[in-house]
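First comes the structure, then the notes that go with it.
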Amino acid sequence: MNQNVWTRLDVVARGLLPFALTLFLVILAMVPFQVPGLSAVVPSLGLIAVYFWVIHRPDLMPAWAVFLIGVIQDLLSGAHLGVGTMVLLLVWLAVAAQGRVFSSASFMLVWAIFVLVAAGAQLLAWLFSSMIAGFILDARPLFFQYLTTVAIYPCLAWLFVQTQRSFVR
Amino acid sequence: MKKSAGQALHVAAPVRAWAQRFAFLFLVVAAFALMLLGKADTLLVERVRTTVTDAMAPVLAILARPVDTIGDMVEQAQELTELRADNAELRRDNERLRNWQAAAQKLEAENAALRELSRLTVEPGTRFVTARVIGDPGGAFVRSVLVNAGSRDGLAKGQAALTSDGLAGRVAEVGQRSARVLLLTDINSRVPILVGKGRDRAILAGDNTNQPRLLYLTPGSEIRPGDQVVTSGHGGVFPPGLPVGVVIQVDETAMRVQPFVGWAHMEYVRLVDYELPSILLPASPGQAQAPPGGASGAPSGAPR
C-alpha cells in the first residue's frame with residue numbers, strides 16, 4: 001500500500017516535469033544577466049519549451065498547462081496580459097493539430113518547422129501588442145528576439161531530450 | 001454488465017474529443033478576455049501582477065545572485081588591467097572635484113542666505129531606499145526591471161529610481177516585497193525635464209529604444225547635442241535636478257537623449273521617496289497643517 005503511494009507520487013512528479021521545466025525557463029529568462037543589449041533580445045524560452053513538449057509528449061503539455069504558463073509569463077514580464085497566453089495557445093493548436101507529421105520527423109525537420117512556427121508566433125505577438133497599444137510598435141527588437149530564439153532551439157532541445165530520457169517516462 | 005461498459009467507452013471517445021475541443025476554445029476565449037481585462041481594469045490586473053511578482057521575487061533573487069557574482073568577477077579582472085591608468089585619472093578627478101567642492105560650499109552658503117531672504121518654502125525631505133535588481137523581463141515591448149523592495153520598505157508608486165549615474169525610471173507597480181520599475185526607455189515612460197543652459201521645459205518620452213525622445217519642447221528654445229538633461233520636478237513626482245542624460249541628436253525627425261544610466265549594469269537602484277506635503281495632504285482652510293512627512297497619521301491623507 002505504502003509502496004503504491006510512492007510509486008504513484010513518482011509517476012505524478014515525472015509527469016509534471018515538462019510543465020515545471022517550462023515554468024523554470026520562463027523565470028530564467030527574467031534573470032538580469034547584465035550583458036549589454038541582451039535584455040531586449042533575450043530568447044523566448046517558454047515558446048521553445050512549449051513547442052518541444054507538445055510535439056514529444058502532448059499528454060504532459062495539455063492546453064490548460066500552456067494557458068497557465070502563458071498567464072504567468074505575461075504577469076511576470078510586465079507585458080500586456082493575455083498576449084503571450086494567446087500566442088502560446090495558438091502555437092499549441094498549430095502543433096497539436098499536426099501531431100502525425102511530427103511522429104516520424106527528424107530533428108532538422110522539427111527545427112525547420114520551429115523556424116516557421118516561431119515566426120508566426122512573433123508576428124502574432126507583434127500584431128496583438130500593436131492592436132492593444134493603438135499604434136504600430138517597432139518590430140526590429142522582435143525580429144532579433146526571433147533570431148536568438150531560433151538559434152538557441154537546438155541547445156534547449158538537446159537538454160529536453162536528455163531530460164526526457166532520464167526522468168520522464 | 002461488461003457489454004454496457006464497452007458501449008459507454010464507445011460513446012465516451014467522441015464525447016471526450018468534443019470536450020477537449022471545447023476546453024481549448026474556452027481557453028482561447030479566456031485569453032482574449034484577459035487581453036480585454038488588461039485594457040479595461042488595469043487596477044485589478046496590477047494587483048494580480050504584484051501578487052505573482054511577490055511570490056516569484058525570492059526565486060528570482062536567488063537566481064540573480066550567481067549572475068551578479070560572475071559579473072563582479074569579470075569586472076574586477078578588467079579593473080586590474082587598467083589599475084594604473086585609472087589611478088592617474090582618479091587623481092586628476094580628485095583635484096578637479098576639490099575645486100568643485102569649494103564652489104559648491106560657497107554656493108550652498110549663498111543659497112541658504114538667499115532662501116532666508118526670500119522666505120522660500122523648505123525643500124521637502126527625501127528618503128532613499130536601496131534595492132537590488134532581481135528581474136529583467138526583457139522582450140521586445142517592455143523596458144522594466146523588478147527590484148527586491150516593496151511597500152513594506154516604504155516604496156510607493158511614482159517614486160524615482162536612480163543608479164549612481166542618474167535617473168533610471170520610476171516605480172510603476174508595488175507589491176509587498178517587490179516592485180516594478182518602468183525604465184526611461186519604455187514606451188509608456190514620460191518624464192518632465194529641463195534641457196540645456198536655458199533650462200527649457202520638455203517631456204522625455206521613451207519609445208523602447210535605448211535613446212528616448214524629447215517631446216513638447218518649449219517653442220523657440222535652442223538645444224544642441226551635448227546639452228545636459230535634468231528632471232524638472234513638475235508634477236511633483238520626481239525631485240528637481242536629478243541628472244538624466246545628454247542630448248545626442250537634434251534634427252527634423254527627432255531629438256534624442258542618451259541617458260547616463262548603463263542599462264546593462266543595473267545591479268542596484270536607489271528609490272527616492274520625495275515627500276511633497278502640499279500634495280499629499282489636501283490643505284483645507286481651518287485645518288491645522290500637519291508636519292511634513294506626517295501623512296501616515298492623517299486620516300484625510302491621500303491613500304498610499
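The values are calculated or read from the model by the stated rules, or taken from the named source; none is laboratory data. The structure presented is a predicted model; accordingly, all values stated were derived computationally and were not measured. We place every Cβ from the backbone using ideal geometry, glycine too, and count neighbours over all the protein chains shown.
Determine whether residue A:111 is crowded, with 22+ Cβ neighbours inside 10 Å, assigned to a helix (DSSP H, G or I) and at pLDDT 90 or above. Give the steps one after another, and end with the answer.
On the way: crowded, with 22+ Cβ neighbours inside 10 Å: no; assigned to a helix (DSSP H, G or I): yes; at pLDDT 90 or above: yes.
Spelling it out, it is not the case that residue A:111 is crowded, with 22+ Cβ neighbours inside 10 Å, assigned to a helix (DSSP H, G or I) and at pLDDT 90 or above.
Collect the residues in the stretch A:77-92 that are facing another protein chain (nearest Cβ under 7 Å), over 12 Å from residue B:45 (Cβ atoms) and aliphatic (A, V, I, L, M), keeping them in residue-number order. If you could, list the steps in order and put the result at the bottom.
Initially, the stretch A:77-92 is screened for residues facing another protein chain (nearest Cβ under 7 Å), giving A:77-83, A:85-86, A:89.
Subset that is over 12 Å from residue B:45 (Cβ atoms): A:77, A:83, A:85-86, A:89.
Across the stretch A:77-92, the qualifying residues are A:83, A:86, A:89.
Yes/no per residue for (1) at pLDDT below 90; (2) surrounded by 14 or more Cβ atoms within 10 Å (Cβ to Cβ); (3) of a type in the set (Ser, Thr, Tyr):
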{"residue": "A:87", "(1), (2), (3)": "no, yes, no"}
{"residue": "A:107", "(1), (2), (3)": "yes, no, no"}
{"residue": "A:117", "(1), (2), (3)": "no, yes, no"}
{"residue": "A:121", "(1), (2), (3)": "no, yes, no"}
{"residue": "A:150", "(1), (2), (3)": "no, yes, no"}
{"residue": "A:153", "(1), (2), (3)": "no, yes, yes"}
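Got a number for residues in the stretch B:168-193 being away from chain A (no Cβ under 14 Å) and closer than 14 Å to residue B:267 by Cα?
0
Filter the stretch B:257-285 for residues that are outside any loop (DSSP other than H, G, I, E, B) and of a type in the set (Val, Ile, Thr); which is modelled with the lowest pLDDT? Break it down into steps so the answer makes sense when it comes.
Let us first name the residues in the stretch B:257-285 that are outside any loop (DSSP other than H, G, I, E, B), namely B:257-259, B:263-265, B:268-274, B:277-280.
Now narrow it down to the ones that are of a type in the set (Val, Ile, Thr): B:257, B:269, B:272, B:279.
Values: B:257: 91, B:269: 89, B:272: 84, B:279: 45.
By that ranking, first place goes to B:279.
Can you tell me which residue within the stretch A:1-60, out of those that are assigned to a loop (DSSP other than H, G, I, E, B) and among the aliphatic types (A, V, I, L, M), is farthest from residue B:186 (Cα to Cα)? Before you say what the answer is, go through the steps one by one.
Taking the stretch A:1-60 first, the residues assigned to a loop (DSSP other than H, G, I, E, B) are A:1, A:29-37, A:42-44, A:57.
Narrowing the set further to residues that are among the aliphatic types (A, V, I, L, M) leaves A:1, A:29-31, A:35, A:42.
Details: A:1: 57, A:29: 19, A:30: 17, A:31: 18, A:35: 19, A:42: 16 Å.
In this case the residue turns out to be A:1.
Take residue A:62 and decide whether it is surrounded by fewer than 21 Cβ atoms within 10 Å (Cβ to Cβ), in contact (Cβ under 8 Å) with a residue 12 or more places away in the chain and either farther than 14 Å from residue A:18 by Cα or more than 8 Å from chain B (Cβ to nearest Cβ) (or both). Steps first, answer last, please.
Numbers: surrounded by fewer than 21 Cβ atoms within 10 Å (Cβ to Cβ): yes; in contact (Cβ under 8 Å) with a residue 12 or more places away in the chain: no; either farther than 14 Å from residue A:18 by Cα or more than 8 Å from chain B (Cβ to nearest Cβ) (or both): yes.
Considered against the rule, which asks whether it is surrounded by fewer than 21 Cβ atoms within 10 Å (Cβ to Cβ), in contact (Cβ under 8 Å) with a residue 12 or more places away in the chain and either farther than 14 Å from residue A:18 by Cα or more than 8 Å from chain B (Cβ to nearest Cβ) (or both), residue A:62 comes out as no.
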